[in-house]
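Nothing in this text is a laboratory measurement; each read-out follows from the coordinates by a stated rule. Treat the numbers as computed from the prediction; the structure is a model and nothing was measured. For neighbour counting, all protein chains shown are included, and Cβ atoms are generated from backbone atoms with ideal geometry for every residue, glycine included.
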Amino acid sequence: MLSASQYDEFERTGLLRLPGAIPDVAAMCDRIWDHLLEERGISRADPATWPADGRMSGLRGVGRHGELDRIGSSILRAALDGLLGKGRWLEPRTWARLLLTFPNRESVEWDVPLGAWHNDFIPFQAEAGLRAVQLFALLNEVRPQGGGTLGLRGSHRLVAKYADPAGDGPHPRELRRDMGSAHPWLRELWRGGSDSVCDRTQRFMVEGAVLDGIPVRVVELSGSPGDVFLMHCDTFHVAAPNCLDQPRIMATNVISRERARNPGPI
Ligand SMILES: O=C(O)CCC(=O)C(=O)O
């Protein structure tokens, strides 16, 4: 059950944190490390075996072991009931797509990334309202600048203004073009500006902006093992570099509202 202030937070910002929503994530991490060792020779105890190029994909096999299904905890389910409607969301086949970023081998200074900012395309439905929620579960401690996903708080409300209501859904490329031409602040976020000394952290994460009357700001999804962030499906987000010394281990999935059934013949 969500409180009124949690609903309000989600509606305004497109993001909601559920502290400690998943129990026993340590066992999930153990399973992931076992899998990494068996399949890739990557050892938890030996950073020399960790990949040099950071982000790792293609780990679907680890989801088959069942432990990660416990991400679908009672707290998380109750929150999804609250946001998408009880009995109205589709149980995913697997709760976890792993997001694993190893520390950068070369020392680089953390910064707000350019380029890959996007929303994930979720088709419109005949019924108005929230169509899907993306969950981000923290399986280990994710400290600031340690690879946690960045979200553009408030951007789901801009998407609602700029996406073509006659189209099939909010297309990321068109939105980047249209929202970026309306707002230099956004264009600079994903393309960079002419000012090479611009402090992007200050500009995008501290100051933020008010665009078409909507407050927006970049926030980093960081926190303790077992925390979950729920994100409105239209929120812009991006992967971030890991400038610390431990891998970031998160899991994500998009939980969709089922389409309303057609009323039967009268
Ligand atoms: O790796 C990340 O933190 C970003 C993940 C992402 O963009 C996505 O799942 O849509």
Taking Cα pairs under 8 Å and at least six residues apart, what relative contact order does the range 4-256 come out at, in percent?
36
Applying a 10 Å radius around every beta-carbon, put 108-114, 122-128 in order of their mean neighbour count, most first.
108-114, 122-128
Based on alpha-carbon centroids, what's the gap between the range 91-122 and the range 160-181 in Å, whole number please?
22
What do the square roots of 5 times the Cα gyration tensor eigenvalues come to for the chain, in whole Å, largest first, as semi-axes of the equivalent ellipsoid?
29, 27, 16
Can you tell which of Ala251, Ala45, Ala163 shows the greatest fluctuation in a Gaussian network model of the chain with Cα springs below 10 Å?
Ala45
With every atom except the alpha carbons ignored, what do you get for Rg and Dmax of the range 85-230, in angstroms?
16.9, 51
Quick check on the chain: helices-only [θ] at 222 nm, where DSSP H runs of length 4 and up contribute -39,500 (n - 2.57) each and the sum goes over total residues. Nearest 500, please.
-7000 deg cm²/dmol
Packing-based ranking, highest mean first, of 228-241, 164-177 given that Cβ atoms within 10 Å are counted:
228-241, 164-177
